[in-house]
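Before any comments, here is the structure.
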Amino acid sequence: MNSVLIVEDEREISNFIKKELELQGYICQVASNGKIGADLIENNNYDLILLDIMLPIINGYELLEYIKQVSQTPVIFVTAQNSTSDKIKALREGADDYVTKPFEIGELIARIEAVLRRYNRGREIQKIDNIEVDIEGRCVIREGKKISLTPKEFDLLILLIQNKNFALYKEIIYEKVWGEDLEFGTRTIDLHIQRLRKKLGWEEKIKTIYKVGYMLAV
């Protein structure tokens, strides 16, 4: 699960970015000025920093210089400064990308993902038909909408995906997902499988294997 620090003094913008990124499974913190941003960076590890240029107390360029001295964290500028000279300066001083306001949130997320991939911090996404499963973010998306799963339902889903097209004994499922011997857990597995089928629309994909258990057939 990737963590992002948003250093932005306009609360409406920072709250919007935070909300949208959290829907995608990111963990976000917000700093309303450069000094708060520097303090957070000193005391926390982030996978990526979104940074405005025009910030109170310490501006974006000054904070970028500090970031490069203390960490290898990638930085994307998100700013209203749209001159070519600003972009050149930011990139030369170590920014990994530069997004100008106003921006489309989809583009910003795509740029974040691209930068994280370059740093080998990207999230593992499994896609099966119209379902996308973000393993680190523990998020399931179908046609742009998040599907709400309980922690055990998600763990069960991941186990099925990791063993797709292989039949799993109920004993193995219960041990891997619940961490216990099966004993009286058969009904628990059956109920979780039923809910997964319904939520994902996978009535045909999650197959019951007679006298064995279950299999995700793809």
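Remarks
- Flag if Lys211 is more than 22 Å from Asp129 (Cβ to Cβ) and either modelled with pLDDT of 90 or more or out of contact with any Asp or Glu (no Cβ under 7 Å at 6 or more places or on another chain) (or both): yes
- Checking each residue in the stretch 89-102 for being under 23 Å from Glu62 (Cβ atoms) and surrounded by fewer than 18 Cβ atoms within 10 Å (Cβ to Cβ) picks out Lys89, Leu91, Arg92, Glu93, Gly94, Val99, Thr100, Lys101.
- Selected residue (criterion: surrounded by the fewest Cβ atoms within 10 Å (Cβ to Cβ)) from residues of the stretch 138-160 that are acidic (Asp, Glu) and closer than 18 Å to Leu216 by Cβ: Asp155
- From the options Lys101, Lys87, residue that is in contact (Cβ under 8 Å) with a residue 60 or more places away in the chain and of a type in the set (D, E, K, R): Lys101
- Asp86 fulfils the conditions (1) assigned to a helix (DSSP H, G or I); (2) surrounded by fewer than 17 Cβ atoms within 10 Å (Cβ to Cβ) except for a single criterion, (2).
- Scope the stretch 151-170; condition free of Cβ contacts under 8 Å to residues at least 24 places away in the same chain and farther than 16 Å from Gly201 by Cα; matching residues: Pro151, Asp155, Leu159, Gln162
- For Leu182, the conditions (1) under 30 Å from Ile105 (Cβ atoms); (2) at pLDDT below 90; (3) part of a loop (DSSP other than H, G, I, E, B) all hold with the exception of (1).
- Residue check for Glu113: part of a helix (DSSP H, G or I) and either crowded, with 18+ Cβ neighbours inside 10 Å or within 18 Å of the chain's Cα centre (by Cα) (or both): yes
- Gly122 vs. criteria modelled with pLDDT under 95, in contact with a Lys or Arg (Cβ under 9 Å, 6 or more places away or on another chain), farther than 15 Å from Leu5 by Cα and assigned to a loop (DSSP other than H, G, I, E, B): no
The values are calculated or read from the model by the stated rules, or taken from the named source; none is laboratory data. In this text, all values refer to a predicted model and were calculated from it rather than measured experimentally. When we count neighbours, we look across all protein chains shown, and the Cβ atoms used for this are built from the backbone with ideal geometry, even at glycine.
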